[in-house]
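Chemist: Quick one: structure below, then a few questions.
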Amino acid sequence: MTASEFKEYVKANGIKKAAKEVDVVTTGTFGAMCSSGAYINFGHADPPIKMQKIWLDGVPAQAGLAAVDGYIGATALDDTNNVMHGGAHVIEDLVRGKAVRLRATGYGTDCYPRKEIDTYISLRTVNQAVLMNVRNAYQNYAVATNSTAKTLYTYMGKLLPEFGNATFSSAGELSPLMNDPYYRTIGIGTRIFLGGTQGYVMWEGTQFNPGAPRTPNGVPKRPAGTLAVIGDLKQMNPEFLKGLTFTRYGSSLGIGIGVPIPILDEDMARYCAVTNSDILAAVFDYGQPTRSRPVLREVSYAELRSGEINIKGKQVPTSSLSSMYKARQVSEVLKSWILKGEFTIQEPVQSFPKDRPLKTLDVRTEREAV
Amino acid sequence: MKTKVVLTFSPEASNQPITHNLIAKHHLLVNILRAEIDEVGGKMVLELSGKADDIRGGIDYLKANGVGVRPIKEGVRRDDEACTHCGMCVSICPTKALTIDLKTGKVSFNEDKCVACGVCIDACPPRAMEILI
């Protein structure tokens, strides 16, 4: 059953019965996930070119691999910094079946004499097109607000002055890692729902921080675990993959991710019974442009979802950056795949590390870095 | 009855006391929801209350004087295909025209409450909201 259904089931029937009767719980999230992108093998031209610089619809893609492999990042922007059409939008266009202009230059070698190419590609014309995201599906995230006198445009959305609103980003009780807080069933090799097709967890996500402070029931109160995921872009569905624009910040990719969680025992049932009232997040003032902002307060997702929270005596309206509607859709589609036998649960081939300190970037000398 | 209209003015039309005339000559209650003016003309969002005949008369008067009149429903439009129902717009909409249904998770747009202020336009990540005036 879906995570929403499971929570209702536990309320009505208790943990013991739920653990006995339910095999798998499907979770889901759909949100802005910036650390995303796709690698593409364009195929060889005649005469061939060793691509040193690549642009897709004017947006630079990363070369520096072999001759015709490129990686387009979701937040990459063209020379004019057009946030309305970044890498994420190019990826969406490809998934929509559109043709995308490929321009590339090279320095010319004996084996790759061509120095430039200007052509069109689509998912039909390329060899591999693979979505490969290094940090998705954050296990909890911050709540953003703004104490200053002017509107701020951030990756957490438009923040109105004088605590005019507050935004949050996690799907809360539906979110994959909220339902498996200690990564017992999610690890390398876990088969997942990714962008409307089947994908895989390929590694711990970057900035994976299992040591974040947790409530007594194990739910992290700060950003903690993350997933690195991979899947075939050619099979993805624009319903679950969308280019997003954050004004005066940049572009990002909205992706639907769902993870099935097997109810191995009563502990897993207890974890999956977590509700929005049990999950806390910290409210930060994004008016302070520093790495460590003070925590204004902790709030539960139940409060955040209610539409208003109290900050310093003021009732502040709240907005989510991730879509509850789409998160539910993801968990329902995943459930239907499992029921039809189209999707099988894959045990991880390796678990995530239990201990991984989160490091910062400081200006240091060569000696200090060693 | 009540109706909300979006008025657009040429620079010439901006110089007339149109709200005064709507009140004095057409017996309408006028609630100015939004007004702005710049070098290329002006824009005003009004809520007009009064008898149906008076409202019709007032609108005819405006049109006769070179003021563009459109129902508010043509002020802001949502592209339902593009909307992901994230709800980013919900906390910034000053008139609560955008709300989220906690049961279904869907964001709905109530055009009757919208005053075409445009705050939602650049806040919408999938750019589903469009201002037409």
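What follows is calculated from the coordinates using simple rules that are stated; it is not laboratory data. Because the structure is predicted, anything quoted here is derived from the model rather than measured. Glycine gets a Cβ as well: all are built from the backbone with ideal geometry, and neighbour counts include every protein chain shown.
Chemist: Would you list the P(r) distribution for the range A:266-370, with all Cα-Cα distances sorted into 5 Å bins from 0 and each bin expressed as a whole %?
Modeler: It works out to 2, 8, 9, 13, 15, 14, 14, 10, 8, 5, 1, 0, in whole percents.
Chemist: Here's another thing I want to ask about it. Where the only charges are on Cβ atoms (+1 Lys, Arg; -1 Asp, Glu), what is the dipole of the protein assembly as shown about its Cα centre, to the nearest 20 debye?
Modeler: Numbers: 58 positive and 52 negative charges, 136 e Å.
Dipole of the protein assembly as shown, to the nearest 20 debye: 660 debye.
Chemist: Then there's this: Placing unit charges on C-beta atoms (Lys and Arg positive, Asp and Glu negative, everything else neutral), compute the dipole magnitude of the range A:34-98 about its Cα centre in debye, rounded to 20.
Modeler: On the way: 4 positive and 7 negative charges, 19 e Å.
With only Lys, Arg, Asp and Glu charged at Cβ, the dipole is about 100 debye.
Chemist: Let me ask something else about it. How big is the range A:82-128 by the Kirkwood estimate over distinct Cα pairs, in Å? Walk me through the numbers on the way to the answer.
Modeler: Details: mean 1/r = 0.0810 Å⁻¹.
Taking the inverse mean of 1/r over all distinct Cα pairs, the range A:82-128 comes out at 12.3 Å.
Chemist: I would also like to ask the following. Using Cα pairs closer than 8 Å and at least 6 residues apart in sequence, work out the relative contact order for chain A, in percent. Can you show the working numbers first?
Modeler: Details: 977 pairs, mean separation 87.4, N = 370.
With pairs under 8 Å counted, the relative contact order is 24 percent.
Chemist: Is it possible to state the helix-based mean residue ellipticity at 222 nm for the protein assembly as shown, with each DSSP H run of 4+ residues giving -39500 (n - 2.57), the sum divided by total residues, to the nearest 500 deg cm²/dmol? What is it? It would help to have the intermediate numbers written out before the result.
Modeler: On the way: 8 runs with 81 residues, N = 503.
Computed mean residue ellipticity for the protein assembly as shown: -4500 deg cm²/dmol.
Chemist: Going by Cβ distance under 4.7 Å, what cysteines of the protein assembly as shown have no possible disulfide partner?
Modeler: A:Cys34, A:Cys111, A:Cys272, B:Cys83, B:Cys86, B:Cys93, B:Cys114, B:Cys117, B:Cys124
Chemist: Mind listing the long-range amide H neighbours of B:Met88? Cut-off is under 5 Å, sequence gap 5 or more, other chains count too, H placed in the peptide plane at 1.01 Å from N.
Modeler: For B:Met88, whose amide H was placed from the backbone, the distant partners under 5 Å are A:Ser320.
Chemist: Hey, how much of the P(r) for the range A:1-160 falls beyond 18 Å, as a percent of Cα pairs? All intermediate terms of the calculation are to be shown ahead of the outcome.
Modeler: Working: 8747 of 12720 pairs.
Roughly 69 percent, rounded to a whole number.
Chemist: Take chain A, connect every pair of alpha-carbon atoms lying under 10 Å apart with a spring to form a Gaussian network, then pick out the residue of A:Glu298, A:Glu347, A:Glu21 with the largest mean-square fluctuation.
Modeler: A:Glu21
Chemist: For a 26 Å ceiling on Cα separation, which of these pairs sit above it: A:Lys242/A:Lys335; A:Lys158/A:Lys234; A:Lys234/A:Lys335? Can you show the working numbers first?
Modeler: Numbers: A:Lys242/A:Lys335 22 Å; A:Lys158/A:Lys234 33 Å; A:Lys234/A:Lys335 22 Å.
A:Lys158/A:Lys234, as the Cα separations exceed 26 Å there.
Chemist: What residue among A:Cys272, A:Cys34, A:Cys111 has the largest mean-square fluctuation in a Gaussian network model of chain A, using Cα springs under 10 Å?
Modeler: Highest fluctuation of the listed residues: A:Cys111.
Chemist: Something else: What are the extents of the Cα atoms of the protein assembly as shown along their three principal axes, listed from largest to smallest and rounded to whole Å?
Modeler: 80, 69, 55
Chemist: Now a separate question. With springs connecting C-alpha atoms under 10 Å apart, model chain A as a Gaussian network and identify which of A:Gly187, A:Gly86, A:Gly106 has the largest mean-square fluctuation.
Modeler: A:Gly106
Chemist: Sticking with this one: Which value, in nm² and rounded to one decimal, describes the direction-averaged projected area of the C-alpha convex hull of chain B?
Modeler: Values: hull surface 34.8 nm².
If you wrap the Cα atoms of chain B in a convex hull and average its projections, you get 8.7 nm².
Chemist: Same structure, new question: No solvent, one uniform scatterer per C-alpha: report log10 I(q)/I(0) for the range A:123-229 via the Debye equation at q = 0.17, 0.19, 0.24 1/Å, two decimals.
Modeler: Calculated log10 I(q)/I(0) at the listed q: -0.87, -0.98, -1.23.
Chemist: Mind checking which of A:Thr75, A:Val25, A:Ile54 is farthest towards the positive end of the range A:8-91's charge dipole, using Cβ charges of +1 (Lys, Arg) and -1 (Asp, Glu) about the Cα centre?
Modeler: A:Val25
Chemist: For each of A:Met84, A:Met202, A:Met268, count neighbouring Cβ atoms within 10 Å of the residue's Cβ, then give the residues from fewest to most.
Modeler: Values: A:Met84 11, A:Met202 17, A:Met268 22.
Sorted ascending by nearby Cβ count, the order is A:Met84, A:Met202, A:Met268.
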